[in-house]
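**Q** This is the structure I want to talk about, given as structure tokens.
The values are calculated or read from the model by the stated rules, or taken from the named source; none is laboratory data. Just so it is clear, the structure is predicted and the values come from calculations on it, not from any experiment. FYI the Cβ positions are ideal-geometry reconstructions off the backbone, even for glycines, and counts take in every protein chain you see.
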Amino acid sequence: MSELLLLAIETSCDETAAAVVKNGRTVLSNIIASQIELHKKYGGVVPEIASRKHVETIGPVVEQALSVAKVSLSDLDAVAVTNGPGLVGALLVGLSYGKALAYAIRKPLVGVHHIEGHICANYIENDFEPPMLCLVVSGGHTFIVYVKDYGCYEVLGQTRDDAAGEAYDKIARVLGLAYPGGPIIDQLAESGDTEVIRFPRAVVSDGPLDFSFSGLKSAVINYVNKCRACGVAYSIENVAASFQQAVVDVLVDKTMKAAMETGVQKVAISGGVSANRGLRTAMLSACHERGLLLNMPPLAYCTDNAVMIGTCGYYNILRGKISSMDLNAHPDLALV
Ligand code: KG4
Ligand code: ZN
């Protein structure tokens, strides 16, 4: 197959991102304009503000992606763009831009599922290939996915309530920490003790590979409120470390259970929470103990970026999955 050069666009939440990716795995540019500072004072992403900022930023971000890659529009073979799931207004900005661009340069448009993009982050700049199990842990989703082949997925487990990243962000808020809370809790947990407070590990009786974080969230909130009400000092580091340990224990435990049940030898992680140091260390030793091959994307490809969208778009093209110009944004787009 001859060389395929893709421009990829990602605007599903609070990052305006564009990248140029060659043959799915080679990164020529990776531009990310984060809106985090803009949303911080509200304690979370404000959808309308996100959309407006994407409108302002998308043009310069795409231009920068092309110039860093030293590529002109006429060199591109296709435009890949996230069309769901995510915030509908935010998605529409990237999608409309990508559509207009693809139309103008008369090249194919390729819609990409955001979570499929996260899974494909495991292929960037390496030769890791399916079949594999992938633990997807982001701000909005928690899945154990059996990746049978490129674009061929079976969801083995998922959350019944909060996503892992959502639990991190909510707990951070209770602790008075800034948004997004995941990286801050990760940092605090480094100097905390995981043994002092024992938070629950949820068992989902009718779905052994499913997750539930609402009980854990309530337990942490109750602990903190009780300490505050009684005027008892608590260690924020110990709360962070104990909460993180409870999350990591179930994530690793269920991923290992899925690996044993399916007999799949390769494990991958992806999504914002896969940047978590506690999770990476625990997953590495669990896989090592069982002789499983583990791939973890570099931190820059764990959180939202457009390279993973370009990678996924490339494999969509190889499977003939090209989109038409009436492609729409779907906030709840299903993975399978
Ligand atoms: O994948 P992502 O960038 O966006 C979504 O698709 O949602 O994930 C963002 C989530 C946020 O909830 C953030 O708190 C969490 O990932 N996150 C982390 C870490 N870095 C980001 N959670 C735990 N530890 C981290 N180091
Ligand atoms: Zn994401």
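To keep it simple, each residue is scored yes or no on (1) in a helix (DSSP H, G or I); (2) closer than 23 Å to residue 116 by Cα; (3) in contact (Cβ under 8 Å) with a residue 40 or more places away in the chain.
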position	(1), (2), (3)
38	yes, no, no
49	yes, no, no
59	yes, no, no
68	yes, no, yes
74	yes, no, no
92	yes, yes, yes
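**Q** How many of the residues in the range 294-336 are surrounded by fewer than 23 Cβ atoms within 10 Å (Cβ to Cβ), under 21 Å from residue 26 (Cβ atoms) and touching a Lys or Arg at 6+ places or on another chain (Cβ under 8 Å)?
**A** 2
**Q** Are any residues in the range 231-290 within 16 Å of ligand 2 (Cβ to nearest atom) and in contact with a Lys or Arg (Cβ under 9 Å, 6 or more places away or on another chain), and if so, which ones?
**A** To start, the set of residues in the range 231-290 that are within 16 Å of ligand 2 (Cβ to nearest atom) comprises 268-276, 279.
269, 274, listed by residue number.
**Q** Of (1) modelled with pLDDT of 95 or more; (2) touching an Asp or Glu at 6+ places or on another chain (Cβ under 9 Å), residue 64 satisfies all except one. Which?
**A** The failed condition is (2).
**Q** Moving on to the next point. Which one of 71, 136 is surrounded by fewer than 24 Cβ atoms within 10 Å (Cβ to Cβ), in contact with a strand residue (DSSP E or B) (Cβ under 6 Å, 6 or more places away or on another chain) and β-branched (Val, Ile, Thr)?
**A** Values: 136 fails: surrounded by fewer than 24 Cβ atoms within 10 Å (Cβ to Cβ).
Every option except 71 fails the conditions.
**Q** Tell me, which residue of the range 119-142 that is within 20 Å of residue 331 (Cβ to Cβ) and part of a loop (DSSP other than H, G, I, E, B) is nearest to the chain's Cα centre (by Cα)?
**A** 138
**Q** Between residues in the range 1-26 that are free of Cβ contacts under 8 Å to residues at least 40 places away in the same chain and closer than 13 Å to residue 312 by Cα and residues that are away from ligand 1 (no atom under 16 Å from the Cβ) and not in a strand (DSSP E or B), which pairs lie under 8 Å by C-beta distance while being six or more apart or on different chains?
**A** 22/3; 22/4
**Q** Shifting gears a bit: Based on this model, can you work out whether residue 188 counts as surrounded by 16 or more Cβ atoms within 10 Å (Cβ to Cβ), not hydroxyl-bearing (Ser, Thr, Tyr) and not in a helix (DSSP H, G or I)?
**A** On the way: surrounded by 16 or more Cβ atoms within 10 Å (Cβ to Cβ): yes; not hydroxyl-bearing (Ser, Thr, Tyr): yes; not in a helix (DSSP H, G or I): no.
No, not satisfied.
**Q** Is it the case that the range 219-238 has a residue that's surrounded by 19 or more Cβ atoms within 10 Å (Cβ to Cβ), acidic (Asp, Glu) and not in a strand (DSSP E or B)?
**A** Looking through the range 219-238, none of the residues is surrounded by 19 or more Cβ atoms within 10 Å (Cβ to Cβ), acidic (Asp, Glu) and not in a strand (DSSP E or B).
**Q** Select from the range 154-181 the residues that are within 18 Å of residue 41 (Cβ to Cβ), in contact (Cβ under 8 Å) with a residue 60 or more places away in the chain and either in contact with a strand residue (DSSP E or B) (Cβ under 6 Å, 6 or more places away or on another chain) or near ligand 1 (Cβ under 10 Å from one of its atoms) (or both) and list them in ascending order. Spell out the reasoning first.
**A** Going through the range 154-181, the residues within 18 Å of residue 41 (Cβ to Cβ) turn out to be 169-170, 172-181.
From what is left, the residues that are in contact (Cβ under 8 Å) with a residue 60 or more places away in the chain are 169, 173, 175, 178-180.
Result: 169, 179, 180.
**Q** Right, next: In the range 1-23, which residues are over 15 Å from residue 59 (Cβ atoms) and not in a strand (DSSP E or B)?
**A** Passing the criteria: 1, 2, 3, 4, 12, 13, 14, 23.
**Q** Another question, if that's okay. Report yes if some residue within the range 39-51 is surrounded by fewer than 16 Cβ atoms within 10 Å (Cβ to Cβ) and hydroxyl-bearing (Ser, Thr, Tyr); otherwise report no.
**A** The answer is yes; a qualifying residue exists.
**Q** Only residues that are of a type in the set (D, E, K, R) and either within 16 Å of residue 273 (Cβ to Cβ) or buried (at least 18 other Cβ atoms within 10 Å of the Cβ) (or both): list them for the range 191-218, please. Before you say what the answer is, go through the steps one by one.
**A** So in the range 191-218, the residues of a type in the set (D, E, K, R) come out as 193, 195, 198, 201, 206, 210, 217.
Matches in the range 191-218: 210, 217.
**Q** If you go through the range 155-174 one residue at a time, do you hit one that is buried (at least 19 other Cβ atoms within 10 Å of the Cβ), within 16 Å of residue 261 (Cβ to Cβ) and in contact with a Gly (Cβ under 8 Å, 6 or more places away or on another chain)?
**A** Yes; the residues of the range 155-174 include at least one that is buried (at least 19 other Cβ atoms within 10 Å of the Cβ), within 16 Å of residue 261 (Cβ to Cβ) and in contact with a Gly (Cβ under 8 Å, 6 or more places away or on another chain).
**Q** Among the residues of the range 79-87, is there at least one that is buried (at least 21 other Cβ atoms within 10 Å of the Cβ), assigned to a helix (DSSP H, G or I) and of a type outside the set (A, V, I, L, M, F, W, C)?
**A** no
**Q** OK, next. Go through the range 275-312 and report how many residues are of a type outside the set (Lys, Arg), away from ligand 1 (no atom under 14 Å from the Cβ) and part of a helix (DSSP H, G or I).
**A** Residues that pass the stated criteria total 8.
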